[in-house]
1. Which angle between 0 and 90 degrees, to the nearest 10, do you get for helix 198-207 versus the longest principal axis of the chain when only C-alpha atoms count?
2. Using R₀ = 51 Å, calculate the FRET efficiency as 1/(1 + (r/R₀)^6) where r is the Cβ-Cβ separation of Leu421 and Glu239; round to 0.05.
3. Along region 447-455, what does the Karplus equation 6.51 cos²θ - 1.76 cosθ + 1.60 (θ = phi - 60°) give for ³J(HN,Hα), rounded to whole Hz, x for Gly and Pro?
4. Whole-Hz ³J(HN,Hα) for each residue in region 341-351, computed from phi via Karplus 6.51 cos²θ - 1.76 cosθ + 1.60 with θ = phi - 60°, x for glycine and proline: what do you get?
5. Count the net charge of all other residues whose Cβ sits under 9 Å from the Cβ of Leu472, scoring Lys and Arg as +1 and Asp and Glu as -1.
6. Under a 5 Å amide H to amide H cut-off, with H placed in plane at 1.01 Å, what residues pair with Glu190 once short-range neighbours are removed?
7. Report the far tail of the P(r) of region 99-205, meaning the percent of Cα-Cα pairs longer than 20 Å.
8. Multiplying the sequence separation of Arg335 and Ala210 by 0.36 nm and subtracting their Cα-Cα distance, what value in nm do you get?
Amino acid sequence: MKRALALCVAALLATCRSESALVDVGVGAAATTATTATPTTTATTTTSTSAPAPAPTDAGRTATAAPLALDGFTPEELRAAQKLSPLPPPPPDPTNRVADDPRAARLGQFLFFDGRLSASGAISCATCHRPELAFTDGRPLGDAGAASGGAARPLDRHTPTLLNSAQQRWWFWDGRADSLWAQALHPLEEPREHASSRLAIAHLLHDDAALRRAYEALFGPLPDLADRGRFPPAGRPGEAAYDAMAPDDRLAIDRLFANVGKALAAYERRLRSDDSPFDRFIADVRAGRVGETSGFGAAEREGLRLFVGAARCVRCHSGPNFTDREFHDNRVPTRTGDPRRDPGRQRGIPLVQDDPFNGAGRHSDAPEGAAAEKLRYLPRMSDSFGHMKTPTLRDVARTAPYMHQGQFATLDEVLAYYDTLERAVPTHSPERTLTALRFTPEQLAALRAFLESLSGAPLDPALLAPPPSPELPP
C-alpha cells in the first residue's frame, strides 16, 4: 500500500511539473489536454492572466510590455505574443561543470567536426548536423552513411536541428536523454551513425597530443592507455573487449567518454539562433515603435495573431523557443502508410531512466540535484505510445522536411495536414483537442509567413567550421 501511494504521489508531482512549464508561458490549466508535437504544429489557444506593464510614456523611454491594442490584436493576443520573445540565455546545466567553459567549447567544436570519432573516419557530428542547413541534414530520415558517401544506413527518425538545443528539457524525439551531453554520446556508438566505441575514442584522445592537452586542461590527467591488453583499442558495452576489462578500468573509460559528451555540449550550447524578424517586431512593440518592422509585415502579423489565437499553435509551441518541451501525439501518418510501430515516449521514459549517463548517474556533476528529481518523478505511462517531443519552431523554414519521419517536404504540406487532418491515424492517447483548422488559403499563407519570420540572424562564422586546434590560443 505504501509503495502504491508513493507511486501515485510521484506521478502527480511529475504531471504538475510538466504542466507548470505550460502555465509559466501563459497556456494555463487547460493545456493539460494538448495534442500536437511537430515542427509546425497548430495546436491549441493560449491566454495569459498576467497584468500588462506600463506603455511607453514618451519617445525616449522603453516600455516593458506591449500597448493594449495594435492593428487588430486583442490585449490577450499581445500578451501571449510577448511570451514568445525574447529568447533567454540557455539555462545552466549543473550536471556538466564545463558547460560554459570556453576551453570546453573549443574542444567540443573541434571534436564536432572530427571524423576520427567514427569507425570509418569519414563521419563527424557535422555530417548529419550541417551548419549550412541549420544543423540538420535535409533528409527525411537521418543517414550518416549516405551523407558521408558510403552505404545507406537510414535511421528511424528525422534529424532535428541543434540550434537552441540547450533550451530543451529532454533530447531526441522520444526524450531518451535528459541532458545535451548525454545526447551527444548516443550517436558515437550507434552502429548506423558513427559506429565507433568509447575505447576507440579514448585512445584517440590519449594518442593525439593536442587533444590530450586540451582534455587534461579541463578534466585532469587521462588514464595511461598504453597497455593495449588492459585497454583494448576498441570496444563498447556488450562487446567482449570492453566487458572483459576490470571494473575500475571500465569506469575510467566511461568517465572519459562522458567528458567527451560534456565538451561537445559546451560547443552546442553556443549554437543560439535569435534576433529574427519576429523578435525585432516584439522588441519594437515593447518600445512603443508600432510601425512596420523590417521582415515583419501585414501577413506576418496576421499569422502571429492566428498562431496565438484561432490556430491554437501555442498550446504546444509555447514559450520563447516555441516548444512546451514535452511529448504529444499529433496522429501524423507514417512515411510508408503502414501502421505506427514507433513507441516514441513510451519507450523513451525507461531508456532515460536506465541511462548510466543520465543526470542522476555517477558521471553527472550534480547527481542529487534537479536533474535527478526530474527523473525520480517521471512516471512510465502506457498511453504515451507514439508521443514525440514538441520541436522548436525557430528557424523552421530552414529545417525541412518536417515531422519525426520527415513525412512532409514543405511548410505548406504541414499546414495542409493540420487544416484537414487528412489521413490522421487513430491514437490511444487521452489527449483529444486536435481538430482540423478549416482555414482559408489566405489564413494558411499568413501562418506560413509568420513561421518564416522565425529565422534568426546568422551565427558567428567562427562557430560554423572546425577550429585550427582543440586548444584556445594563448
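1. Around 70 degrees separate the two axes.
2. 0.65
3. Using θ = phi - 60°, the values come out as 4, 4, 4, 5, 4, 5, 7, 8, 6 Hz.
4. 10, 7, x, x, 4, 4, 8, x, 5, x, 5
5. Every neighbour counted, the sum reads +1.
6. Ala195, Ser196
7. 37
8. 40.5 nm
The values are calculated or read from the model by the stated rules, or taken from the named source; none is laboratory data. Keep in mind it's a predicted model, so treat the numbers as computed, not measured. So basically every Cβ, Gly included, is an ideal-geometry build from the backbone, and we count neighbours across all protein chains shown. Remember, those area values only see protein heavy atoms, side chains included, never the ligands or the DNA or RNA. Shrake-Rupley method; radii C 1.70, N 1.55, O 1.52, S 1.80 Å.
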